[in-house]
Each structure stands twice: as structure tokens, then as C-alpha cells.
1. Report, ordered by the first and then the second residue, all pairs with beta carbons closer than 7 Å, sequence separation of six or more or different chains, a first member in segment 34-62 that is over 25 Å from SER14 (Cα atoms) and among the small types (Gly, Ala, Ser), and a second member that is at pLDDT 85 or above and loosely packed, with under 10 Cβ neighbours inside 10 Å.
2. Quickly run through segment 1-46 and pick out the residues that are at pLDDT 70 or above, among the small types (Gly, Ala, Ser) and not in a loop (DSSP other than H, G, I, E, B).
Amino acid sequence: MRKILLIIVTVILSTPMAIAQMSNMEGMNHGTMTMDKASAEEAMLVDATVNSINEDSVNVSHAPIPEID
């Protein structure tokens, strides 16, 4: 019973990450985006999921941000 419960919880918790990885993010190169001081002062907060971290970058997924579309 515990194994079944563990499998169910794992599937439920991993589903959002799988969906985020399947979304179409082609053409999104955030490394080329510049941010000046004025832009930083108008920064927004969003909910995001950290997908991976390596020595020189962090990969996150987030919903569209209407304020910057």
C-alpha cells in the first residue's frame, strides 16, 4: 500500500515539471535579453519552477507575463 501511495504522490508532483518541459520554448533566448536600471526598478514577481541549475545559468519555467507581452 505504501508503494502505491508513493507512486501516486510522485506522479502528481512530477506532472507540472513534465508539462513545463513539453511546452514550446523554441526561440526564447533569455541570455540575449538586456536589463537596464530602469527595467530592474520596474521588476515584477511571478511564480516560477526551477528546472535546472548549473555553474553559469538557471533554467526556470513560468506562465506568460501579461505586463511584458
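1. none
2. Within segment 1-46, SER14, ALA18, ALA20, GLY31 meet the criteria.
The values are calculated or read from the model by the stated rules, or taken from the named source; none is laboratory data. For clarity, every value in this text was computed on a predicted model and none was experimentally measured. Neighbour counts run over all protein chains shown; Cβ positions are idealised from the backbone, glycine included.
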